[in-house]
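Reviewing the structure listed below.
What follows draws every value from the coordinates through simple rules; no lab data is involved. Note that the structure is a prediction, hence the values are computed from the model and not measured. Here Cβ is always computed from backbone atoms with ideal geometry, including for glycine, and neighbour counts include all displayed protein chains.
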Amino acid sequence: MAKKILMLAGDFVEDYEVMVPFQALLAVGFDVHAVCPGKKAGETVATAVHDFIGFQTYAELRGHNFILTASFDQVNPSGYDGLYICGGRAPEYIRLDPKVIEYTKHFFEANKPVAAICHGIQILTAADVVKGRTLTAYPAVGPDIVRAGGNWKDIPVNEAITEGNLTTSPAWPGHPAILKAFFKLLGVTIGGV
């Protein structure tokens, strides 16, 4: 039976940060349940493309529609082997849903593998699960990690940090690193990983 991954997303999730891990996890045989509070399987979330084009911060452009594969209200976190938290604008507001916090805490209490990228770390800080941990995020989220008692590391955008059951990366250029680490946490070996 395939391992099941819960993937948290929402409207204006970063396009690459939902599409790439979703497809990569499927490609190696995981059963991925992408969910969004208030939405059901088959519904979509709008994605945003974040890119650096000469401003002090990223520009946000409209991306694709991403089709959700499971219904949020039917999630039972104990039935999942790992949690993947996508970045973009979505974490800013889906962390306000008590179930998102409950689901996230479950994975830490059960010591199951968790991956979070970019602004997805905002969900971790809201769930109060970063205290004493070393992790990374998009630099604008660094102060949130510190205030939540974590140790934020500013690392190159194409790298990831893994500590215990948690792997994090600053942004989508880190997909190879964070996915490799997440696969390892899940007990999957690919190409000598």
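Mind listing just one residue for me: the one in region 1-19 that is surrounded by fewer than 18 Cβ atoms within 10 Å (Cβ to Cβ) and in contact (Cβ under 8 Å) with a residue 60 or more places away in the chain and, of those, nearest to Lys99 (Cα to Cα)?
Filtering first and then ranking leaves Lys4.
Does Val75 satisfy being surrounded by fewer than 22 Cβ atoms within 10 Å (Cβ to Cβ) and either in contact with a Phe, Trp or Tyr (Cβ under 9 Å, 6 or more places away or on another chain) or within 12 Å of Val13 (Cβ to Cβ) (or both)? First the steps, then the outcome.
On the way: surrounded by fewer than 22 Cβ atoms within 10 Å (Cβ to Cβ): yes; either in contact with a Phe, Trp or Tyr (Cβ under 9 Å, 6 or more places away or on another chain) or within 12 Å of Val13 (Cβ to Cβ) (or both): yes.
Yes, satisfied.
Out of Ala48, Ala24, I need the residue that is touching a helix residue (DSSP H, G or I) at 6+ places or on another chain (Cβ under 9 Å) and more than 20 Å from Ala177 (Cα to Cα). Which one? Give the derivation first.
On the way: Ala24 fails: more than 20 Å from Ala177 (Cα to Cα).
Unique residue meeting the criteria: Ala48.
So, in region 116-174, of the ones that are of a type in the set (A, V, I, L, M) and in a strand (DSSP E or B), which residue ends up farthest from Pro91 (Cα to Cα)? Walk me through how you get there before you give the answer.
Quick first cut of region 116-174, residues of a type in the set (A, V, I, L, M) only: 116-117, 121, 123-124, 126-127, 129-130, 135, 137, 140-141, 145-146, 148, 155, 157, 160-161, 166, 171.
With the extra rule that they be in a strand (DSSP E or B), the set shrinks to 116-117, 135, 161, 166.
Values: Ala116: 10, Ile117: 10, Leu135: 17, Ile161: 20, Leu166: 17 Å.
Among those residues, the one meeting the criterion is Ile161.
Do we find a residue being out of contact with any Gly (no Cβ under 9 Å at 6 or more places or on another chain), touching a residue at least 60 places away in the same chain (Cβ under 8 Å) and within 24 Å of Gly149 (Cβ to Cβ) anywhere in region 67-76?
No - not one qualifying residue is present in region 67-76.
Go over the candidates Phe107, Phe66 one by one and state the one that is in a helix (DSSP H, G or I) and either touching a strand residue (DSSP E or B) at 6+ places or on another chain (Cβ under 7 Å) or at positive phi (or both). Spell out how you get there, then give the answer.
Numbers: Phe66 fails: in a helix (DSSP H, G or I).
Answer to the check: Phe107.
Does region 175-192 contain any residue that is of a type in the set (A, V, I, L, M), surrounded by fewer than 14 Cβ atoms within 10 Å (Cβ to Cβ) and outside any helix (DSSP H, G or I)? Explain how you work it out, then say what you get.
Start the filter on region 175-192 by keeping residues that are of a type in the set (A, V, I, L, M), which leaves 177-179, 181, 185-186, 188, 190.
Checking which are surrounded by fewer than 14 Cβ atoms within 10 Å (Cβ to Cβ) leaves us with 190.
The next check asks that each one be outside any helix (DSSP H, G or I); those that pass are 190.
Yes: one or more hits.
Look through region 142-158, keep the residues that are crowded, with 18+ Cβ neighbours inside 10 Å and either basic (Lys, Arg) or touching a Lys or Arg at 6+ places or on another chain (Cβ under 7 Å) (or both), and return whichever of them is nearest to Ala126 (Cα to Cα).
Looking at the filtered set, the residue picked out is Ala148.
For region 1-31, which positions are of a type in the set (Gly, Ala, Ser) and closer than 25 Å to Tyr93 by Cβ? Quick ask: steps written out before the conclusion?
Filtering region 1-31 for residues of a type in the set (Gly, Ala, Ser) gives 2, 9-10, 24, 27, 29.
The answer is Ala9, Gly10.
Mind listing whichever residues of region 98-141 are farther than 28 Å from Val188 by Cβ and surrounded by fewer than 18 Cβ atoms within 10 Å (Cβ to Cβ)?
Hits for region 98-141 are Pro98, Asp128, Lys131, Pro139, Ala140.
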